[in-house]
Amino acid sequence: MTTPVLDIIGVSKRFGDNLANDGISMSLGKGEIVALLGENGAGKTTLMSILFGHYVPDDGQIRIDGEELPPGKPRAAIGAGVGMVHQHFSLASNLTVLENVMTGTEQLWKLRSATEEARKKLVGIAERFGLKVDPDARLGDLSVGEQQRVEILKALYNDARILILDEPTAVLTNIEAERMFATLKDMARQGLSLIFISHKLDEVMAAAHRIVVLRGGKVVAERKASETNKAELAELMVGRRVTRPVREPSTPGAVVLELRDLGVRIGGVERLKNVGFVLREGEVLGIIGVSGNGQAPLARVLSGTLARTSGELLLYGEAVGNLSVGDVVDAGIGRIPEDRNGEGAIGEMSIWENAVLERLPAYSRNGLVDRKAGMAFAKSIIDAFDVRGGTPASGTRLLSGGNMQKLILGRNLSHRPRILIAAQPARGLDEGAVAAVHARILEARKAGTAVLLISEDLDEVISLADRIQAIVGGRLSPPVNAEEADARLLGLMMSGDWSHIAEAAHAP
Amino acid sequence: MSVVFDILASAGLWAAILRIATPLIFGTLGALLCERAGVLNLGIEGIMTFGAMIGWLAVFHGADLWTGVLVAAISGTLFGVLHSLLTVTLGLSQHVSGLGVTLFASSFSYYVFRLVVPVAGTPPTVMPFQPIDIPALSSLPFIGPAFFTQTAPTYLAIVIALIMGYIIFRTPVGLAIRMTGENPHAAEAQGVNPMKVRYGAVIAGSALMAVGGAFLTLSAFNSFFPTMVQGRGWICIALVVFASWRPGRALFGALLFAFFDAFQLRLQTVVEGVPYQIFLMTPYILSIFALALMARRARVPQALMQPYRRGER
């Protein structure tokens, strides 16, 4: 781990007024895993794009094994043994795994592709690093985790010795992420050198040997994983002490939402079975589970976009039929959808349009949209919820994930909802934005809103929820009180072992 | 039923199928190549018309027939450059650009034709390609007149279909074309230049379309008239989908359509009491059915009709 295979020396890059990288220097040893930690916009991706030759730096140089890499030449970077695994995969879903890996690796005008040799090489690499995948499978038929394996294999196939992974866990489930980090560690043991970009403290602490913290385009600190802790890293990354908000005790009020034996069947498959819970004013009920266990249908039933097949839904104590989206809005149910780009907001429309879309009648006059009122409402959200990077008239697509989430929160909370359905509200957000979103949810709880928090993040659920139920295979476990829940118990609950919570549920 | 059998048993039907299919094979392969690289080329109808005109004109002015085909191919490459400029370099809508190329090329071919050839009662003619006499094969009973009395371009079309299938699925350049049509960003990240690939595919594809047009004036007929392509280009666009973007199936699809067409032509003459327009419709109606049946499982190139801009996602 002493010989540096990669040296980044004084690299700077400016985009317009924005100094994205400011004299960054770092090194990477053979067999080492370095985490590049920083919030969104800290310059991590820019630095790695320079390393890979996508951008030409204004200043500084990259050395591999002591030799300078010509700037701005991806081919040269690949040739020198640098492989990049992008956050959004660069793969073609209609081609096979082998075809995806082989593209561009042969002389273009050869009369025949050496498919058999390529297959042998690929299978060999896959076996060596435990990246099992069928070379002839159509890429689109693979799971996201498998697709990432293909992306890594692609880099290794080009004889990469230095592997750069841009937010590798952003699209993975927890289990897939754990498996991937195990693979990365194994690769490092076999002599590869790795850099991974992240803003998640847990995975950085768990997987990296060394951590380089970037803020505002500068290296602000470098720590060995064994000599630091999450709190210190969080402070270094954000530049100030970040404290996630703390849940104050409260007395829940009346039951506002109750499900009894609710079932949903989609295309003959039971997605939800005998789901039951009660939700009271002024409390947060956490639904924890590995994604894909029925969270999406549950949120959709409560948001009015999916009809239930059986069971009862009681709203404010009254049994109701299937809800439409309009009913849901009228009933004072706010929603934070899981997919904020797909369902939460329309990127091509302006911020004010997104702000008023679900309440158009309230923002129209004489059959026309009341633009002025809409703009004023959007302005009030922007001010009150600290939405940065946009004006009421600017495009929503330009907002970062955290700011878009604040806009969606603001749109819902400004109307003081009685119930809030929050699905994965902090997913993919950086530390500062997570704290802001959590604070808003707790504020709503304090104001008497009943919050249903659907999440797969243990820390999030433990810190926000008053009571917790696990969702496994479309079924809900009995609830446990947050005070009795720890990571171990929740882990058991998420795996479907509910034997330990019988007493807890009956406890006063 | 005996009528149907008689038609099927006539060597003339099978000879006609190959003849009718030839321009469709060229056109479909051309459109397929463009689409595999991610560019829809609706210029096909106009490019075929122009190829028919310019190929004929060259021969009319004394060039030999293969030179005429070559001239048509070159005119196709020029329209390919035009379509690439608009859709690849400028990233404009591929529909609009393609329809523009068709309108321009169709009108322009009539314009050039009228500039050179004065209006006449009977259009001037050239001596077209003659059937090739293949020793032994052409003299076989039934088989000979049915399959071995074609002109050279027909055999060329079939050979090109097979070669294109090989290129697309067995060579590095074919993989580069497919990757560009599926995900140009991925292609670029692996050192393939999607811009160049798209230019190459559209130019070569357009040349094939023009050759398909030239077949009409230099082999199937011997004169040019402006409406002679008659929607064959659009049939080719549909055949590409029918073929699921596979050259071998494109060949099959073109032959199938030609079969319907040749069959209905003969049926017209023997069945009485049915308006002939009904028969004219049948190949198209059957095509729609076949398309609906086949295209449901088709895997469209994912980046088809999406302009590629470097550095954007």
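Read-outs: derived from the displayed coordinates by stated rules, not from any lab. The structure displayed is predicted, hence computed values, not measured ones. Note that we place each Cβ from the backbone using ideal geometry, even for glycine, and neighbour counts take in every protein chain shown.
Rank these for me by crowding, B:R246, B:R299, A:R119, going from fewest to most other beta carbons within 10 Å. If you can, show how the numbers build up before the last one.
Values: B:R246 19, B:R299 13, A:R119 16.
Sorted ascending by nearby Cβ count, the order is B:R299, A:R119, B:R246.
Tell me the angle of helix B:11-36 to the major Cα principal axis of chain B, expressed in degrees between 0 and 90 and rounded to the nearest ten. Rounded to the nearest ten degrees, it is 10. Listed by chain and number, the aspartates and glutamates whose C-alpha is less than 16 Å from the C-alpha of B:K196, apart from same-chain residues fewer than 8 away, are B:E35, B:E182, B:E188. Of interest is the spacing of the C-alpha centroids, which for the range B:110-148 and the range B:264-291 amounts to 25 Å. Under a 5 Å amide H cut-off, with hydrogens placed 1.01 Å from N, A:G496 pairs with nothing among residues at least 5 apart or on other chains.
Would you work out the charge dipole size for chain A about its Cα centre, treating the Cβ of every Lys and Arg as +1 and the Cβ of every Asp and Glu as -1, and quote it to the nearest 20 debye? Walk me through the numbers on the way to the answer.
On the way: 59 positive and 64 negative charges, 140 e Å.
My answer is approximately 680 debye.
What shape does the range A:289-345 have by the C-alpha gyration tensor, where a ≥ b ≥ c are the square roots of the eigenvalues, rounded means a/c under 1.5, and otherwise prolate means a/b greater than b/c and oblate the rest? Oblate, because a/c is 1.5 or more while a/b does not exceed b/c. If R0 equals 35 Å, the separation of the Cβ atoms of A:A376 and A:I175 corresponds to a calculated FRET efficiency of about 0.15.
Against chain B, whose longest principal axis is taken from its Cα atoms, helix B:44-60 shows a tilt of about 60°. Per-residue shielding of A:134-140, expressed as the average number of other chain Cβ atoms within 10 Å of the residue Cβ, stands at 1. Shape class of the range A:124-274 from the alpha-carbon gyration tensor: oblate, with a/c at 1.5 or above and b/c at least as large as a/b. Averaged over residues, the count of other Cβ atoms within 10 Å places the peptides A:142-150, A:466-474, A:250-258 in the sequence A:466-474, A:142-150, A:250-258, highest first.
When peptides A:51-58, B:270-277, A:442-449 are sorted by average Cβ neighbour count within 10 Å, with the highest value leading, the order is A:51-58, A:442-449, B:270-277.
Sorting B:W66, B:W14 on the 10 Å Cβ count, fewest up front, what's the list? Display every interim value, and only then the final one.
On the way: B:W66 13, B:W14 19.
Fewest-to-most Cβ neighbours within 10 Å comes out as B:W66, B:W14.
For the protein assembly as shown, DSSP calls about 55 percent of its internal beta bridges antiparallel.
Indicate the gyration tensor shape class of the range A:64-187 (rounded, prolate or oblate), computed on the Cα atoms with a ≥ b ≥ c the square roots of the eigenvalues: a/c under 1.5 is rounded; otherwise a/b larger than b/c is prolate and the rest oblate.
It is oblate, given that a/c is not under 1.5 and a/b is not larger than b/c.
Just rank A:W352, B:W245, fewest to most, by other beta-carbon atoms within 10 angstrom.
Placing the least packed residue first, the sequence is B:W245, A:W352.
Estimated from the Cβ-Cβ distance and a Förster radius of 60 angstrom, the FRET efficiency linking B:L291 and A:R359 is about 0.85.
Once R0 is set to 30 Å, what does the formula 1/(1 + (r/R0)^6) return for the Cβ-Cβ distance between A:E483 and A:D202, expressed as a FRET efficiency to the nearest 0.05?
Working: r = 23 Å, r/R0 = 0.75.
The computed FRET efficiency comes out at 0.85.
Run the dipole for the range A:90-159 about the Cα centre, Lys and Arg Cβ at +1, Asp and Glu Cβ at -1, nothing else charged, and hand back the magnitude in debye, nearest 20. Kindly include the intermediate steps, with their values, before the conclusion.
On the way: 10 positive and 11 negative charges, 26 e Å.
That gives a dipole near 120 debye.
Mind checking which lysines have their Cα closer than 16 Å to the Cα of A:K218? Skip sequence neighbours fewer than 8 apart in that chain. Answer for A:K218, where 16 Å is the Cα cut-off: A:K13, A:K44, listed by chain and number.
Think of the range A:90-159 as a dipole: +1 on every Lys or Arg Cβ, -1 on every Asp or Glu Cβ, centred on the Cα centre; then among A:A155, A:A114, A:T96, A:A114 lies furthest on the positive end. Per-peptide packing, taken as the mean over residues of other Cβ atoms within 10 Å, places A:95-102, A:187-194 in the sequence A:95-102, A:187-194 from highest down. Residues of the range B:1-33 falling in the label zone of B:T282, defined by backbone nitrogen less than 15 Å from a point 7 Å along Cα to beta-carbon, are B:1-10, B:13-14, B:17. Centre-to-centre, using Cα atoms only, the range A:126-152 and the range A:457-492 are separated by 33 Å. Pairs of Cα atoms nearer than 8 Å and 6+ residues apart set the relative contact order; for chain A it is 14 percent.
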